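Here's the structure, in structure tokens; my notes come after.
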Amino acid sequence: MSGVRAFSPAMNAVLVLASVPGAAGASPLGVNFIAAWLLKAVDALSTPSLPAALALNTLLATWGMLKGQQMLTNAGLLHAWILGVVLWSTLGPRGWWLCVLYLACGSAVTKVGKSRKEALGIAEGRGGRRGPENVWGSAAAATICALGCRFYPALSLALMGQRGGAVAWGLEVAYVASLATKLSDTCASEIGKAYGRTTYLITTFKKVPKGTEGAVSLEGTLAGVVGSIVIAVAAWCVGMVSAFDGLIALFAAFVATNCESVIGATAQGKVKWLTNEVVNFFNTAIGAVLAFALWRASLQLRGIVVL
């Protein structure tokens with residue numbers, strides 16, 4: 001599904017304007033010129049494009065630096081710029097906007113109950129500002145899905161003689177699931193630490209202090225579900241997934257978030273290289289892979305073969 005279809009109402013409006021002589025009190029020639037210019041602008045912004053990606057992300061990064069943004073460190077902002085360029089040039093504005101939504105929601109929920117978490121010594125470091133390791137720990141899996149959406153059809157055509165467009169569709173579902181998984185994890189963790197009344201270790205269900213790796217709470221779990229719903233509904237609204245595929249993404253996010261808790265309870269802190277960022281990558285990768293597998297299985301049940 002291309003970004004152009006997501007903006008078709010705006011493009012149609014421009015075409016209608018161009019077809020009405022004397023609209024807006026201007027001459028037909030002037031209206032047609034303006035309409036043609038607007039049509040080109042809308043088409044450029046709604047199609048995956050490297051020049052548009054570079055221009056928009058550079059503009060936003062510069063504006064953020066001048067305004068003294070607090071969501072990212074300076075290095076984090078640079079890496080977020082790279083991520084933004086990749087996402088816009090592969091998935092177009094819909095995929096890019098969905099990741100921005102995750103970043104905004106994730107940063108906001110990190111600040112919920114901040115003083116309470118700081119008093120307990122379980123608040124995020126740097127005041128919740130994200131660095132490069134956070135950017136890629138959260139979005140590396142999504143980036144792989146985005147690159148697959150862009151390049152798999154051509155690769156499939158070259159190797160197998162078929163474009164493999166259906167797989168690109170499945171990778172969009174996986175992309176949505178990876179972001180839904182990460183926001184679910186962030187909401188569950190941050191709300192659980194701030195407002196969880198009782199926290200249990202997911203592997204034994206014994207009561208443990210807030211902030212313990214692998215700990216879960218009812219409040220955090222519900223917040224995690226809400227976070228994944230935000231991403232899935234947003235993806236459905238912009239046309240990245242169907243309602244059914246959105247449900248697949250939600251289920252995958254729920255499973256993956258709980259898998260992350262199991263990893264935290266059993267391995268994190270015991271395996272040296274298993275840092276929080278590496279666990280985040282595994283978490284989002286599990287969500288993406290599970291969503292893709294369920295999407296593919298749903299098509300096969302309907303007799304549709306996916307290469």
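Using only the C-alpha atoms, the convex hull of segment 48-301 corresponds to 131 Å³ per residue. Ranked by the mean number of other Cβ atoms within 10 Å of their residues, highest first, the peptides 72-82, 223-233 come out as 223-233, 72-82.
Near Cys259: Cβ cut-off under 14 Å, other residues only, Lys/Arg at +1 and Asp/Glu at -1. The net charge is -2.
Placing pseudo-labels 7 Å out from each Cα toward the beta carbon at Arg116 and Thr62 gives an inter-label distance of 4.3 nm.
As a rough guide to protection, the peptides 84-93, 172-181 ranked by mean Cβ packing within 10 Å, highest first, stand as 172-181, 84-93.
Throughout, read-outs are computed from the coordinates displayed, never taken from laboratory work. What you see is a predicted model; the values in this text were computed from it and never measured. Using ideal geometry, Cβ is built from the backbone for each residue, glycine included, and neighbour counts are taken over all protein chains shown.
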